[in-house]
1. Taking a quarter of the surface of the Cα convex hull of the range 31-73, what do you get in nm²?
2. Build a GNM of the chain with springs between Cα atoms under 10 Å: which of 66, 16, 97 gets the top mean-square fluctuation?
3. Take the solvent-accessible surface of the protein heavy atoms, probe 1.4 Å, and return the percent of it on the chain that carbon and sulfur atoms account for.
4. Give the long-range amide H neighbours of residue 11: residues separated by 5 or more places, or on another chain, with amide H under 5 Å away, using H modelled in the peptide plane at 1.01 Å from N.
5. Quote the accessible area belonging to residue 158 in square angstrom, nearest 10, computed with a 1.4 Å probe and with ligands, DNA and RNA left uncounted.
6. Taking amide H atoms as placed 1.01 Å from N in the peptide plane, list the residues 5 or more away in sequence, or in a different chain, whose amide H sits under 5 Å from that of residue 60.
7. Going by accessible area, probe 1.4 Å, with all protein chains left in place, what is the ranking of 90, 179, 20, 60, largest first?
8. Rounded to a whole number, what is D in µm²/s for the range 1-53 from Stokes-Einstein with the Kirkwood radius over alpha-carbon pairs (20 °C, 1.002 mPa s)?
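The values are calculated or read from the model by the stated rules, or taken from the named source; none is laboratory data. If you're wondering where the values come from, they're calculated on a predicted model, not measured in any experiment. Every residue, glycine among them, receives a Cβ derived from its backbone with ideal geometry; neighbour counts consider all protein chains shown. The protein model used for the area step is the full one, side chains on, heavy atoms only, and it has no ligands, DNA or RNA in it. Shrake-Rupley method; radii C 1.70, N 1.55, O 1.52, S 1.80 Å.
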Amino acid sequence: MVNSGADYLVYGMAVRSDDKVVITGGFRMYNGVLRQGIARVNTDGSTDTGFFTGSGVAKKVTWIARVHAIALQPDGKALVGGSFLGYNDKPASDLVRVNADGSHDPTFSTGSIDHLVDVKAIVVQPDGKVVVGSTFGFAESTSQGITRFTTTGAIDPSFLSGSGFTGDVRALALQPDGKILVAGQMTA
């Protein structure tokens, strides 16, 4: 049953195949349980204690840690993105993959990418590659606001999106033909 819920804003959610919901946001607690930025909720609204995020996302120097986006993979793992420097005491630059139990997945690492990206949207393509929409873009990518990562977290140089967009990419969707729909605060 739902008690106090999240103590701050919820920005994203994804429903798992077992009907449990993974929520993301700027919250620190869910139902009085420490769940910094990410929590899994049972079908009755209670905190799923089987999903343990440890310390959750770590804030940037002057910003509150926020998780804006989530995408579930078929294997139960989840990609989460936002504005943070780490996850459960492990380095993670605004994008991390977590296992089905909430633990950090070390097989996905973006390495030392630029920390000023503020991930807003994530989609997982059928081949497992990850497309990310962001505010600033990754320094290692030539595209502003949209970047694709391999299944291990490396920037995919074969993803050619030109110079990108002139503003924030806030939503992404995959069409059945593989094309990507992009929305946000942009002029081109």
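1. If I average the Cα hull's projected area over directions, I get 4.0 nm².
2. Greatest mean-square fluctuation among the candidates belongs to 16.
3. Numbers: 5040 of 8760 Å².
For the chain, the apolar C and S fraction of the accessible surface comes to 58 percent.
4. Excluding prolines and chain starts, which carry no amide H, the hits are 24, 25, 26.
5. Approximately 70 Å² for this residue.
6. Correct list: 65, 85.
7. Details: 90 100, 179 130, 20 50, 60 15 Å².
Output order, biggest surface exposure first: 179, 90, 20, 60.
8. In µm²/s, the coefficient rounds to 202.
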